[in-house]
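Report on the structure given below.
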Amino acid sequence: MSEYTFYSAFPGSRPVRCSEKTRRFAWDSLHAVYGRQTSETLALESDEIPGFAEMSPYARYDAAIRLIAEKAPLRLCPDELVCGSATLGKAIKHTIPVHLNGKCFQESVSHLTCGFDRVLREGLDSYLDRIHARQAKECTPAQEEFLRSLENTVESLRIWHGRYLNLLAEKRASAADEAERAYYDALYKNLAPVPFGVPKTFRQGVQALWFLFAFTRLCGNWSGIGRIDVMLGDLLKADLASGEIALDEARELLAHFWIKGCEWICLDERGTGDAQHYQNIVLSGCGEDGKDVTNEVTWLVLDIVEEFPIPDFPIAVRVNEDTAPALLNKIAAVMRHGSGVVAVYNERLIIDSMVEFGYPVEEARRFANDGCWEVQVPGKTLFGYQAIDIYGQYQKEVLGMEGEKKDYDSFDALLGETKSMIARFMADWHDRADSHGKGGKPSTVVALFEDDCIEKAADYYCGGTRYAALSPHLGGVPDTVNSLLAIKKLVFEEKKLTFGAFMDILRADWEGHEELRRYVRDSYTYYGNDNDEADDLAVQIMDTFMDETRKIKFRAGVLRPAGISTFGRQIDWKDVRYPHAHGYRRGEILASNLSPTPGTDREGATAVIRSHCKINLSKLTCGTALDIKLEPNSVKGEEGLEAIASLISGFVVLGGFFMQLDVMDNAVLLEAQKHPEDYQNLAVRISGWSARFVTLNDTWQRMIIERSQQAGV
Amino acid sequence: MLGRITNIQRFSTHDGPGIRTTVFLKGCPMRCIWCHNPETWHTAPQIQLNATRCTGCGGCEAVCPAGCHRIDVDETAFRHLYDSTGCVRCGKCIAACRALALEWCGKEMEAEEVISIVERDRAFYGKTGGLTVSGGEPMMQPAFTNALLGLAKERGLSTCVEICGVGAENLDDGLCDRIYFDIKTPDPALHRRLTGRDNADILANLRRLAERCSDKIVVRMVIAAGLNDSPELVEQLTALTSSLGIAHVELNPFHPYGSSKASAVGMKSTSPGKEAVPDDRALAKLRAHAEA
Ligand code: SF4
Ligand code: SF4
Ligand code: SF4
C-alpha cells in the first residue's frame, strides 16, 4: 500500500500502479510544491537588454524570448523522468514573463493546440531548413523580420536545451554513486537528440513532447497537447515489441509527464480556480484514414488519471458507436472517481459537421481542440471566440426590461421577436468578425508550430495559419428558453395575467407575488426534462442562432463555426440579470453552457441528455458542452460503472457533442469549504477544465454546489 | 390495460443491470417494519406533502373534512402536521394549496402509456438496461405487470421484476430476464413479527419459480441490525437457495429512508432508525458467510 492517498468520490478506491517515488512526486506537485517554486521568480527583468523599450515589436519579442532561454531558472525535480520546467510565475498569468518597468511587456497566446506532432515526425532541425528555404525566396521587410524571429525561436530553444544538457552532465559528473550516475545519464541520453532530431524511442518521444510544450509554456503560452496517443503510440509499440521498455515503465514515464503538467499549481490564491491553462489532451478516435487509433498510450493515460486526480490536462476521449465496451468502461471508471478529468466527444457527429462546414475529411478526422473543448484542426488554426450574452439581450430588448416597455399579442409574436433579435445580432457580428486575424502582437513561439506560418512568412495573428476561425459563442440559451416557456404558459395559454403586468412583476423582483413565483417555478416543466414543449423552444432558438451564423461560413479569410458556451461567465452575468420569468429571483443561478438551468431539471440524467440532444448539434461546428453531475450513490458498484458507460453510449446515439460528467457529493464539498486543508487535491469540473475546489472563491464554490445534480435516487 | 402507479423513475441504477426505468406500482400485501417505500402500501391514491414547498398558509387545514392537516404555528416557525387517517380522498386540500405542496401519490395509467415513457430512454439501455417493475408488490396487479413485461419484450427491452413473493404464482416468468425475489427472513415466526404475515406461500412460490428458472432469480435480503442480522438466518437462507439451485444471493443494508416517505403521505413510520443500519464490517462478514 502507498503512503499517499488521492481524492476520490469513493475514498480509497483508486488503484495503485505507480512506484512510491512517482506517487510522492504526484503528491508534492498536486500540493503546489513546484507551483510555489515557480512563483518565486515571477519574471525576468529587461533592464539587462539595452534599448529594450525602444525596440521594434519583433526585435523586443525576440530579445525577450532569448532572455528567457538564457536566464530562466532551471529545475530538476527529485526523481523526475522527464526534464524541462516552465519556471517563471508570470507565465501562469498568461503573459510573456519579461518585465518592462515592472510589468510584463506583452500578453501571450492561448486557445490553440500547437502542431507538436509535426515536430515529433520531422525534428526541429528541419524547421530551420524550412525557414531558410523561405528566406531564399522573395520577402518583404516585414516577412524578413518575422522569419528572423522564427530562427531566433529555434535558436532560443536550442540555448535552453543546451542549458539543461549541461546541467544534467554536471549532475552526472558529480553523482554520489553509480545509480545516480546512471539516472542522470539516462535523462541526458533521452534529451540530447530531441526535439531537434526525430525521437527514436518512446522515452525520447515523451521527452521531446514535454520539452516543446514546456518551452512554449515557459514563454507564457498556453497550448493544448492534442492527440497524444497518435503522437506516441507507434514509438511505444515498437519499444514494447523490441523489449526496449516494459509497459509498467512506460506508464511510470508518462505519469511524470502528467505530474509535471501540474507544476503550475498554486493553492494559495482563490478565484475562478486554478488548473485552467487550456492544455487539453485528446485520446482515441479515428486517424486520417478513418481507422481507430486507440493504442497502448490511450490506456496508459487513462491508467494514470485513474490513479491520480490530475485535472491539469483535461482529457477528451473521442468516442463513437463502435468504441470498444472495455474503453467505455475504463472511461467510466475514471469518471467515477470524480475530479472531472475525462470528458467525451461524439467524434462522428463532429467530423461530419466539420466536413459539411467545408473542411477536407482528413483534416476533420485530425480534430482536437483549442485546449478547452472548442473543436479545431490542431497545428493549423488561429482560433478565437466571442461571447454573446443572448439572455441578457433578450431580457433588455425583447422583454423590454430596459427602455421602452414592450407588448405582444401572441406567443408567436414574442417568439418571432426573439428570433429576429438573434438574427439582427448575428448579422452585426459577422461584420465585426471580418477583421479577425488581420494583425496583432508578435507570437512567433506558437507560429513556429503552426502550418503554414513559415511558408507564408506570416505570423500567427497575421494570416499565417492555414485556418483562421472565429466562433460566436452564445450563452444563456436555456435561461432564455425557460423564460419563453413560462410566459407562453402563464400569459398566453392560461391567461392568468397580461404580458405587461407580468413584466411589471418581474421588474419588482416578484415582490408581493411569492405564490405566483412558486407556481411558475414549480408547476411548469422546463428545458432538461425530456419534455417536448420546452425542448422544442430550445430547438427553435438554437436553429435560429445556428442558421443565422451559417449564412456566412467563410468570409474575409475567416471561418465562422457556431458554438455555445458560458464557461464561468454565468457567474458574472447573474448579478446583472433582471429577475427571471421562470420563477427565479434577481441574482439566482443561471444555466451553464447548454445545460439546464440549475434546479429546473427533475427527471434525472437521461432526460437531461435527451433534451439537450434534440437540438441539431451537428450545425454547431465549434461545439458545446453538456455538464452532468452525478451523486456517488447513484453510480456505486458494478451497476454504477455500467450506468456511466451507458450514459456515454446514449449520448453518442442521440447526437450529443461533448459531455463532461462529474461525480461529486455535495456533503463532501460542504466539508471542503469548512476544512480546505483536508481537501487540497479535490478537483471539480468547472467547464472545459477542472480546478482544485479550494482554489475557487466563495461564489464559484457555491455555483458548483448549486449546479444541478442529476442523480438517481 | 390500466394499472395503479406510484411513480416512474428514469435513470435507475440499482434496480438491475445498466440504466433502467423503474415503474413502482401501488399496493403491497406486506407491512415490513423497515419498508423504504411505505407510500406504496395502499392501493388507492394518497395525498402527498412536499414539506419544503409548504408555506404554512393553512389553506388545506381549512378545507379538509377529515381534519388530516394541522398547522402548528409559534413565533418563529410553523409545522405542518399531516395524518392521513380518515382521509376521504376528496382532493380539496390539493385544490386549496397554492404553493403546490400537495399532490396525489398514485395514479392510474395505461400500460401503453407507461411503456412509452420507458421507451424514451432506449438509447441508454444498450444490451443490458431496460424496464424494472417494482413496488409495492407488482403481483398485487398481476395482469398489469405481465402486460407491461410483455410490451417491453415486444420492444426488445430487458425486463426485471422486484417481488416479495406473495402472489408470485401469477408471474409470467417467461417475460422476465431477471427476478429479484425478496426474502425478508427465512424464519416464519420472525417473518410474522417483521412483516405482519406468514411466509409459507412466499417460500412455496420461491420453490416453484426456482424449478422453472432458477438462473433468473436473484434472492435479496435486507439486513437490519438487531432484527435479522444473525449468521444463522443467513445460513438458513443460503441453505435454502442452494438447495433450490439459486446461485445469486444479495444481502443489502437497511436504510432509514422510509420514515420521511411515510410522513409525506401522512402515515406513522414503523421504520427503525439509524441504529438498525448494519455497519460495513458486519455486513461484509455476513456476505462472506453467505458466499461460504
Ligand atoms: S383529500 Fe384527504 S386530506 Fe385532502 S382534504 Fe380531502 S380528506 Fe382532507
Ligand atoms: S395549503 Fe399548502 S402551503 Fe398551505 S399549509 Fe397546506 S400544504 Fe402548506
Ligand atoms: S414488501 Fe417491499 S414494499 Fe412491501 S412492505 Fe415490504 S419492503 Fe415495503
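A cut-off of 5 Å between modelled amide H atoms, ignoring neighbours fewer than 5 places along the same chain, links A:GLN376 with A:ALA368, A:ASN369, A:ASP370.
Residues within the reach of a label modelled at A:LYS438 (point 7 angstrom out along Cα to beta-carbon, backbone nitrogen below 19 Å), restricted to region A:367-395, are A:382-386.
Annotation for region A:363-463: GluC sites (Glu not before Pro) lying in DSSP loop with at most 11 further Cβ atoms inside 10 Å of their Cβ are A:GLU402, A:GLU404. In chain A, the longest principal axis of the Cα atoms and the axis of helix A:514-523 are about 70 degrees apart.
Region A:442-491 and region A:1-57 have Cα centres spaced 30 Å apart. Per residue of A:630-637, other chain Cβ atoms within 10 Å of the residue Cβ number 2 on average. Restricting region A:625-660 to GluC sites (Glu not before Pro) that sit in a DSSP loop and have at most 14 other Cβ atoms within 10 Å of their own Cβ leaves nothing. Amide H to amide H, with H built 1.01 Å from N, A:GLU45 comes under 5 Å of A:HIS99, counting only residues 5 or more places away or on other chains.
Computed from Cα positions, the angle between helix A:411-433 and the longest principal axis of chain A comes to roughly 30 degrees. Note on A:LYS553: aspartates and glutamates with a C-alpha under 13 Å away, same-chain residues under 8 apart excluded, are A:GLU356, A:ASP431, A:ASP434. Between region B:203-232 and region B:99-119, the alpha-carbon centres lie 31 Å apart.
Have a look at A:GLY440, A:ALA468, A:PRO478 and report the one farthest towards the positive end of the charge dipole of region A:425-481, computed about the Cα centre with Cβ charges (Lys/Arg +1, Asp/Glu -1). Going by the charge dipole, the pick is A:GLY440. Each of B:THR22, B:THR270, A:THR544 was scored by other Cβ atoms within 10 Å of its Cβ. Arranged with the fewest first, they read B:THR270, A:THR544, B:THR22. Cross-link reach is defined here as a Cα-Cα straight distance under 12 Å, omitting same-chain residues fewer than 8 places apart; for A:LYS137 the aspartates and glutamates meeting it are A:GLU455.
Compared with the dominant principal axis of the Cα atoms in chain A, helix A:57-71 is inclined by about 60°. Take each residue in A:276-289, count the other chain C-beta atoms within 10 Å of its C-beta, and the mean is 0. Across region A:383-622, the relative contact order, built from alpha-carbon pairs under 8 Å that are at least six residues apart, equals 25 percent. A Cβ-based charge dipole, computed about the Cα centre of the protein assembly as shown with Lys and Arg at +1 and Asp and Glu at -1, lands at about 800 debye. Shown for A:TYR527, A:TYR127: other C-beta atoms within 10 Å of each C-beta, ranked fewest to most, produce the order A:TYR127, A:TYR527. Only helices enter the 222 nm calculation for chain A: every DSSP H run of n ≥ 4 contributes -39,500 (n - 2.57), and dividing by all residues gives -14000 deg cm²/dmol, rounded to 500. Bridgeable aspartates and glutamates around B:LYS285 (alpha carbons under 15 Å apart, same-chain partners fewer than 8 residues away excluded): B:ASP229, B:GLU232, B:GLU235, B:GLU250. Among the trypsin sites (Lys or Arg not before Pro) in region A:107-155, those located in a DSSP loop and surrounded by at most 16 other Cβ atoms within 10 Å of their own Cβ are A:LYS137. Residues whose amide H comes within less than 5 Å of that of A:ALA591, counting only those at least five positions distant or on another chain, are A:ASP479 (H built at 1.01 Å from N in the peptide plane). Pairs of Cα atoms under 8 Å, at least six residues apart: use those to get the relative contact order of region A:26-220, whole percent. Here the relative contact order equals 29 percent. By the count of other C-beta atoms within 10 Å, a proxy for reagent exposure, B:MET267, B:MET109 are ordered fewest to most as B:MET109, B:MET267. When the pairs A:LYS636/B:LYS26; A:LYS574/A:LYS614; B:LYS107/B:LYS261 are compared against a 24 Å limit on Cα-Cα distance, A:LYS636/B:LYS26; A:LYS574/A:LYS614 fall above it. Measure out, as a whole number of angstrom, how far apart the alpha-carbon centroids of region A:166-231 and region A:539-583 sit. Rounded to whole Å, the Cα centres lie 43 Å apart. Per-residue shielding of B:4-13, expressed as the average number of other chain Cβ atoms within 10 Å of the residue Cβ, stands at 6.
Quick note: the coordinates plus some simple rules give every number you see, no bench work behind them. Keep in mind that this is a model prediction, so the values were computed, not measured. Don't worry about glycine lacking a Cβ; one is built from the backbone with ideal geometry, like all the others, and counts go over all protein chains shown.
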